[in-house]
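Values quoted throughout were computed directly from the atomic coordinates according to the rules given, and no laboratory measurement underlies them. These figures come from a predicted structure and were not determined experimentally. All Cβ positions, even for glycine, are placed from backbone atoms using ideal geometry, and neighbour counts span all protein chains on display.
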Amino acid sequence: MSLATILCLTSAVQGLSGTIDIDATKPGAKVPSSLYGIFLEEINNAGEGGLYAEMVQNRGFEDANVPPACLVENGQLVPPRTPHYWENKPNQWTMAWPYTSPFPSWRLETKGGAKASIRLDDSHPLSQESKNALRMDVSALPKGARASLVNEGFWGMNVQKGERYNLSFYVRSNSQYNGPIEATLTGRDGKALATHTFANLGKAGWQKVNASLLATGTDAKATLSLSLGAKGNVAFDFVSLFPAKTFKNRPNGLRPDLGKMIEDLKPAFIRYPGGCYVEGVTIETRPHWEETLGPLEKRTPTFSPWGYWNSNGFGYHEWLQFCEDVHADGLYVFSAGISCAFRSGTYLPDDQLPGLIQNTMDAIEYAVGPTTSKWGKLRAQNGHPKPFPLKYVEIGNEDQGPKYGERVAKFYKVIKAKYPKIKIILSSWIAGIDHAAINAAGQIDIVDEHAYKGAGWALNHFDSFASYPRDVSWELYIGEFAANGGVGRGNMLATLNDAAYMMNMEKNADIVKMGSYAPLLENTNRREWDVNLIHFDSSRSYGRASYYACKLFADNRPDVNLTTKVEVADGGPAPIKGALGVGTFASEVEFKDISLTQNGQTVSLDNAPGWKPKSGRWSRADGVYRQSSRDANEIWSFLAGDFGDKTINLKARKVAGDEGFLVSLGEIDGLRIQVNFGGWGNSIHAIQINSAEAVASTRGKIETGRWYDVRVETENRTVRAYLDGKLVVQMTVPKAKPVIAISGVDNKTGDVIVKVVNSSPVAADMTLNLKGVRVGTTGTATVLTSDNVTDENTYAQPTKIVPVTTPLRLSAPQLTHRFAPNSLTILRIQTRSQARNLSGGAK
Ligand code: AHR
């Protein structure tokens, strides 16, 4: 058989069909109003340079400070070499120190022959917390010249025509300078967008000045400059620029667009401030809530483990205020006295725990204590006499084991004695329930599991919470979840998985009481985490498709689940099929004698037309196909086609590098399947889905300079990989049900809410049988879908994937509906009251 014949063997695309049986006579779990919340962490400049509307970066000139107890050596941040909590000895962890300038984000600009210099000056601290000022000396300023101190903001300042901006700064001239200071917002073209001139600055000591600047033009990447109008020297500190318009018009407030996007998620709670952030790179760098209160220039910045300083302008009080503003309960995460295990892992010894627990008690008192208490009084002085809605506290983040559990027990006892209504959360390491920690804690209200999964996991493990134990006294919180491997920057495939994950949570709401996607925010200019929910830069913001999925789940939370059963006839077994590929990761490799066998016919693919390199350096000589880049990314050459069940034979030889070689086998259920020989630093042979986790693996390595006989077979969903005739790894790709569904009742409206994910690339015609309800005449179908699972929202197309709602006309208890390919659909079916006020079967 020729290659052309093989390429022609394409099968017709058929739709799916089946039934969704909903039984309102069998109500399931109550779905609590706490189920859908959010997690806000200082990562990706989420707060600083993000939600927090301050436009000046490094306003206090403290950003070049080295975090407490650390050193910077050869460009690396080095923690104190005290023991790691788990390893009982210091580890060798360091991180690249991100700052090279003594005044990051600031620069001196001179024009027209001006002579000037700038330097940090700590001779007259504005406050203990903002010790450094920026001193500017101008020694020559000919007519028409300019000497300016310029701040670039957070990758530019968003200045919009007709809007006002509140500028303030401290200036100290010590009578050395009697001239004016001109503040200017400047566009990229050099044109002034707003100016203000400050005069009479000759007072002794620090003087605070402010002005409201009205923009006469627009630029999303403007800068702020402070220019001296005469020779002399001045010191500046705490230079701040805020848009006059903030979320809910609060001073020292938040960006309105981001605040609104979060409010629209109707979060039941806000988990804050981390994540790893809570733990710190060292125990000394953990956040201290009490240092984030009061006058801004008296707040101590916190070094985020994600590599930048947080000025704490958005501090504990502002977070509580934000919770109140969006009607969310507060969930504050406190340090358990253990810094991040993946970083230094340094910790506070047990004898310092009482102080830490007291500090947590003080924080709770600040949030909810009476105004007669020490901290409640301070809250009132800070403008909020009423208690804030703090409902949960979590002790530690991703800590583990009995030692940690014993710490939690100590916090629990003290907190519960005074605040019995506050729910206390134990953070349960990454993935799964840490029973050792729970047992050691003895008593706990809620356990927080984190679940970052690769593409396909959630679809394949729909209803996984059904296997969790029910005979426990705690409730489950999924504090961080996301499909974030093999999904680009967060494409439609991620969204189908995220939706399946939330359906899993909702279906098992008798145990899963809370969940929050992570991370929430990404300033695109500092992406530390690959897949985040809301993207923004200085002026723009958009939600990924998963943002809309989260919103749909919060908007359509039923009060009680209904028993739901799905049957789908999906056309029987389907093979892994599509393009073939050979590739590398961090290695130079040669391939030859590539052949394909299908239905007993073998054809050489060696020089087949259509091999197309995707990246890297590919060449062919003497019958050998060679990739000679050692880039530590996947490098592929693909042969387009629709190759179904097959055997691929080839010879491969590693020439140099860290790993072995890759063979790509095509796709199934929209997931690409590949074999990685000598992956993970040349330690295992693995079968991977969408380049993500090793789904099946065996220990093994690839030797340099040796030709291997490689054989890979696919049969339906099964993959077998051989080296030199020996089977090294095999697996059957788990089959996700192409259509999954859950349903429940909204007690207020009586609507039956049906959530359906069709993760297949074809439409699904489903008959819905509703038992125990009389269907009304109207309803809606809200659909989130895209043609390709690889589609994503972007700045260029921010609304490419958004939900679309259409009315439904209903008439019978048996309804049919066509569910689009690659879609999440929410049906709201009006009923004639029978479904209303179901009380729920479990908890
Ligand atoms: O969400 C990003 C990080 O993932 C969090 O800081 C940490 O808790 C988790 O490992």
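For region 412-417, just list the computed ³J(HN,Hα) in residue order, Karplus coefficients 6.51, -1.76 and 1.60, θ = phi - 60°, integers in Hz, with x standing in for Gly and Pro.
Each residue of region 412-417 in turn: 4, 4, 6, 5, 4, 4 Hz.
Compute the helix-to-body angle for 545-555: its Cα long axis versus the longest principal axis of the chain, expressed 0 to 90° and rounded to tens.
Approximately 90 degrees, to the nearest ten.
Of all alpha-carbon pairs in region 638-693, indicate the percentage at a distance above 16 angstrom.
48
Straight-line reach only, C-alpha to C-alpha below 20 angstrom: list the lysines that Lys651 could link to, leaving out same-chain residues fewer than 8 apart.
Lys592, Lys612, Lys701, Lys726
How do the peptides 245-251, 680-686, 813-819 rank, highest first, by the average count of neighbouring beta carbon atoms within 10 Å per residue?
680-686, 813-819, 245-251
Can you show me the helix-derived [θ] at 222 nm for the chain, built from DSSP H runs with n ≥ 4 at -39,500 (n - 2.57) apiece and divided by the number of residues, rounded to the nearest 500.
-4000 deg cm²/dmol
With a cap of 14 neighbouring Cβ atoms within 10 Å, and only residues DSSP puts in a loop, list the trypsin sites (Lys or Arg not before Pro) found in region 111-170.
Sparse-neighbourhood loop trypsin sites (Lys or Arg not before Pro): Lys143, Lys161.
Between Lys416 and Val802, what is the label-to-label distance in nm when each label sits 7 Å out along the Cα-to-Cβ direction?
Placing both labels 7 Å beyond Cα along the Cβ direction yields 4.8 nm.
Work out Dmax and Rg for region 139-230 from the C-alpha atoms and quote the Rg first, both in angstrom.
According to the Cα coordinates of region 139-230, Rg and Dmax are 13.7, 37 Å.
Counting only Cα, what are the radius of gyration and maximum Cα-Cα distance Dmax of region 718-772, in Å?
Computed over the Cα atoms of region 718-772, radius of gyration and Dmax are 20.3, 66 Å.
In square nanometres, what is the average projected area of the Cα convex hull of region 65-109?
3.9
Using bins 5 angstrom wide from zero, how does P(r) for region 586-725 break down, in % of all Cα pairs?
2, 10, 20, 25, 23, 14, 5, 0
Need one number for region 18-111: average projected area of the convex hull over its C-alpha atoms, nm².
15.7
Reachable aspartates and glutamates from Lys374, Cα under 16 Å, same-chain residues fewer than 8 places away excluded?
Output for Lys374: Glu290, Glu291, Asp362, Glu365.
For the chain, evaluate the Debye formula with one uniform point scatterer on each Cα (no solvent term) and list log10 I(q)/I(0) at q = 0.05, 0.09, 0.11 Å⁻¹, rounded to two decimals.
Once normalised to I(0) and log-transformed, intensities are -0.33, -1.02, -1.33.
Say the cut-off is 18 Å between C-alpha atoms; which of Lys423/Lys748; Lys421/Lys513; Lys266/Lys391 go over it?
Checking Cα-Cα distances, Lys423/Lys748 exceed 18 Å.
Expressed as a whole number of Å, what is the distance separating the alpha-carbon centroids of region 497-533 and region 775-818?
First find each Cα centre; the distance between them is then 21 Å.
Of all trypsin sites (Lys or Arg not before Pro) in region 746-793, which ones are in loop regions per DSSP and have a Cβ with at most 10 other Cβ atoms within 10 Å?
Counting only loop positions with at most 10 other Cβ atoms within 10 Å, the trypsin sites (Lys or Arg not before Pro) in region 746-793 are Lys748.
Treating the angle as unsigned and between 0 and 90°, give the value, to the nearest 10°, between the Cα long axis of helix 353-368 and the longest Cα principal axis of the chain.
80
Report the equivalent ellipsoid semi-axes for region 24-79 in whole Å, largest first, defined as the square roots of five times the eigenvalues of the gyration tensor built from alpha carbon atoms.
44, 18, 8
What are the ³J(HN,Hα) values, in whole Hz, obtained from phi via the Karplus relation 6.51 cos²θ - 1.76 cosθ + 1.60 with θ = phi - 60°, for each residue of region 717-724 in sequence order, with x given for Gly and Pro?
Running phi through 6.51 cos²θ - 1.76 cosθ + 1.60 with θ = phi - 60° gives 9, 9, 10, 10, 10, 10, 10, 6 Hz.
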